Amino acid sequence: LMTTDTKKHERPPSAQDQPVAAPLPRGDSPESLGVSSSGLLALLEAAGAKNLELHSFLLLRHGKVAAEGWWRPYGPEHPHMLFSLSKSFTATAAGLAIGEGLLSLDDPVLSFFPEDAPVEAGGNLGAMRVRHLLTMTTGHAEDTLGSAFGRADGNWARAFLEQPVEHAPGTHFVYNSGATYMVSAILQKVTGKTLLDYLQPRLFGPLGIGDASWESCPRGVNVGGWGLSIRTEDIARFGQLYLQNGVWEGERLLPEVWVEEATTARVPNGDPATGGDWSQGYGYQFWRSRYGAYRGDGAFGQFCVVLPEQDAVLAITAGTSDMQGVLNSVWEHLLPAFAPGTLPEDASARDALRRALTGLRLGAPEGNASSPLTARVSGGAYEIERNEEDAPEIEAVAFEFPVEGGSAVRVRDRNGEHRIVCG
């Protein structure tokens, strides 16, 4: 749903010309980095037993890769949609702009959009600051994003500003992707660049993140709250930068004070004792987690988990509806796998882990090879009611069974008939 009203992914023209980054250093074995191979194997087995559809995971310990795996057809070379994990990158851009003196946390949101401000802006809207966008405490009673989709003029900022602000900013936490979009829109105003272009020389380039893309709204603003696609190792690099307090290969990329403030609980968001990992407090587009960790995360199980006490970063991509189940498995199996120093080599467990990692694969959907409905369906055309929002103006669709090599779909639109042979 998040992609239906957005433009295609934006990729800087120079992205393909970026030098290929050296891979992150790999440890000789998990045990050499103080991680138990048997604990990692237990994590994989738990994910399988719970039917958690993991697509990849990569664990960094002491700055080196302790273990990594991809469930085919996913692979290390493939960028993955981050969904709301994108928010942590948007916040990072805000931290960089603040460090450059381009804006401050206490700037009024309305000050950036005088042309889009309501004629009668209420007191709560006038009191809204950049920090409230970052902490999801804008004062709205619900996410504002729905009002932007389908807006004829494509002006998402105006849609946000037109929404009622029921609570005083700073007093009420509501997860609000519209607020993150506004951070992106503000950054584009003060930098003159999209998020992607602004971050390229400041973050993506130095970290060695290449081939990044980001969806844009109809007016060309990167959507901010979702839509970023990068590789699993890139997620791990981002987490390692935060673990190292903003320093990468001896160069400071982020202000240390920003790292501290962004990853500290700025606002409460539930009962920490009963609410699991989504009620431990919220920073600047980062979630606090149990066990002293913090994270960026996105729908369906995209995670960048930073564990300062273990000097570790865990990057995960997935397609699951049980995100808490993923974190529960991490806490149950991975945390006990860490040791303060190196561990004795366990060749048997290491070999079993290696076999498991190389054999990861997503199962194909199960179904029947044929259907008794094919005789009734085959060849007949289904007329499509007119839908003015349907840009191709599809008029009819038909299915053909059997066809040499499988089946076929015929689609008729204003440009004629199109036939697609399927497996």
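The values are calculated or read from the model by the stated rules, or taken from the named source; none is laboratory data. What you are looking at is a predicted structure, and each value in this text was computed from that prediction instead of being measured. Counting neighbours? That spans all protein chains shown, and the Cβs are built from the backbone with ideal geometry, glycine included. Heads up: the accessible areas ignore ligands, DNA and RNA and are worked out on the full protein's heavy atoms, side chains in. Shrake-Rupley method; radii C 1.70, N 1.55, O 1.52, S 1.80 Å.
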Once phi is turned into θ = phi - 60°, what whole-Hz ³J(HN,Hα) does the Karplus curve with 6.51, -1.76 and 1.60 give for every residue of the range 75-80, x standing for Gly and Pro? x, x, 7, 9, x, 10
³J(HN,Hα), Karplus 6.51/-1.76/1.60, whole Hz, each residue of the range 352-357, x for Gly, Pro: 5, 5, 4, 5, 5, 5
Find out how many positive minus negative residues lie around PRO30, taking Lys and Arg as positive, Asp and Glu as negative, among other residues whose Cβ is under 13 Å from that of PRO30. -1
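Once the Cα gyration tensor of the range 177-219 is diagonalised, what are the square roots of 5 times its eigenvalues, in whole Å and ordered largest first, as equivalent ellipsoid semi-axes? If you can, show how the numbers build up before the last one.
Values: eigenvalues 78, 28, 17 Å².
Rounded to whole Å, the semi-axes are 20, 12, 9.
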Give me, ordered by chain and number, the residues 5 or more places off ALA67 or on other chains with an amide H under 5 Å from its own placed amide H. LEU59
Whats the longest run of the chain with zero trypsin sites (Lys or Arg not before Pro) that are DSSP loop and have at most 11 other Cβ atoms within 10 Å? 1-385
Let me have the 222 nm mean residue ellipticity of the chain computed from DSSP H runs of 4+ only, each contributing -39500 (n - 2.57), with the sum over all residues rounded to the nearest 500. -7000 deg cm²/dmol
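Hey, got the dipole for the range 89-200? About the Cα centre, +1 on K and R Cβ, -1 on D and E Cβ, debye to the nearest 20?
On the way: 6 positive and 12 negative charges, 44 e Å.
It works out to roughly 220 debye.
Once you sort the root eigenvalues of the Cα gyration tensor of the range 333-376 as a ≥ b ≥ c, which label holds: rounded (a/c under 1.5), prolate (a/b larger than b/c) or oblate (the other case)?
Because a/c hits 1.5 or more and a/b exceeds b/c, the range 333-376 counts as prolate.
Considering only DSSP states other than H, G, I, E and B, which GluC sites (Glu not before Pro) in the range 332-423 qualify as loop sites with at most 11 other Cβ atoms within 10 Å? Intermediate values should be presented prior to the final figure.
Values: sites: GLU332, GLU345, GLU366, GLU383, GLU385, GLU388, GLU389, GLU393, GLU395, GLU400, GLU404, GLU417; in loops: GLU345, GLU366, GLU385, GLU388, GLU389, GLU393, GLU395, GLU404.
Answer in residue order: GLU366, GLU385, GLU388, GLU389, GLU404.
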ARG354 versus ALA121: modelled label distance in nm, points set 7 Å from Cα along the beta carbon direction: 6.2 nm
Taking amide H atoms as placed 1.01 Å from N in the peptide plane, list the residues 5 or more away in sequence, or in a different chain, whose amide H sits under 5 Å from that of TYR294. SER289, VAL306
Whole-Å distance, taken between Cα centres, linking the range 29-53 and the range 146-223: 37 Å
Using a 1.4 Å probe and ignoring any ligands, DNA or RNA, find the accessible area of ASP351 and quote it in Å² to the nearest 10. 60 Å²
Toward the positive end of the charge dipole of the chain, about the Cα centre and with charges on Cβ (Lys, Arg +1; Asp, Glu -1), which of LEU82, VAL119, ALA22 goes farthest? ALA22
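Dipole magnitude of the range 373-422 about its Cα centre, charges +1 at Lys/Arg Cβ and -1 at Asp/Glu Cβ only, in debye to the nearest 20?
On the way: 6 positive and 11 negative charges, 61 e Å.
Charge dipole, the range 373-422, about its Cα centre: 300 debye, nearest 20.
Charges only on Cβ, +1 for Lys and Arg, -1 for Asp and Glu: so what's the dipole of the chain about the Cα centre, in debye to the nearest 20?
Numbers: 34 positive and 52 negative charges, 106 e Å.
Here the chain has a charge dipole of around 520 debye.
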Spatial extent of the range 89-200: Rg and Dmax, with the Cα atoms as the point set, Å: 13.2, 39
Difference of contour (0.36 nm per residue) and Cα-Cα distance, TYR175 to LYS50: 42.3 nm
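Could I get the Rg over Rh figure for the range 311-391? Both from C-alpha atoms, Rh via Kirkwood, rounded to two places. Could the numbers behind the result be given before it?
Values: Rg = 24.3 Å, Rh = 19.2 Å.
With Rg and the Kirkwood Rh in hand, the quotient comes to 1.26.
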For the range 102-164, what does the relative contact order come out to in percent, with C-alpha contacts under 8 Å and a separation of six or more? 34 percent
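P(r) tail for the range 373-422, what percent of Cα pairs lie past 14 Å? List each step's numbers first, then the result.
Details: 640 of 1225 pairs.
Distances greater than 14 Å cover 52 percent of the Cα pairs.
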In nanometres, the difference between 0.36 nm per residue of separation and the alpha-carbon distance of ASN387 and ARG219 is 58.1 nm
With just the Cα atoms of the range 66-151, tell me how far they stretch along each of the three principal axes, in Å, largest first. 55, 35, 22
Whole-Å distance, taken between Cα centres, linking the range 290-337 and the range 340-355: 21 Å
Taking H placed 1.01 Å from N in the peptide plane, check which residues at least 5 places from SER213 or on another chain put their amide H under 5 Å from its amide H. SER229
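State, as an integer percentage, the relative contact order of the chain based on alpha-carbon contacts under 8 Å between residues 6 or more apart. It would help to have the intermediate numbers written out before the result.
Values: 833 pairs, mean separation 91.9, N = 423.
RCO, the chain: 22 percent.
I'd like the Kirkwood hydrodynamic radius of the chain, using the inverse of the mean 1/r over distinct C-alpha pairs, in Å.
On the way: mean 1/r = 0.0425 Å⁻¹.
Here the Kirkwood hydrodynamic radius works out to 23.6 Å.
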Each residue of the range 311-316 in order: what ³J(HN,Hα) in whole Hz does its phi give by Karplus 6.51 cos²θ - 1.76 cosθ + 1.60, θ = phi - 60°, with x for Gly and Pro? 6, 9, 9, 10, 10, 9
Do you know the relative contact order of the range 122-193, to the nearest whole percent, from alpha carbon pairs under 8 angstrom that are 6+ apart? 42 percent
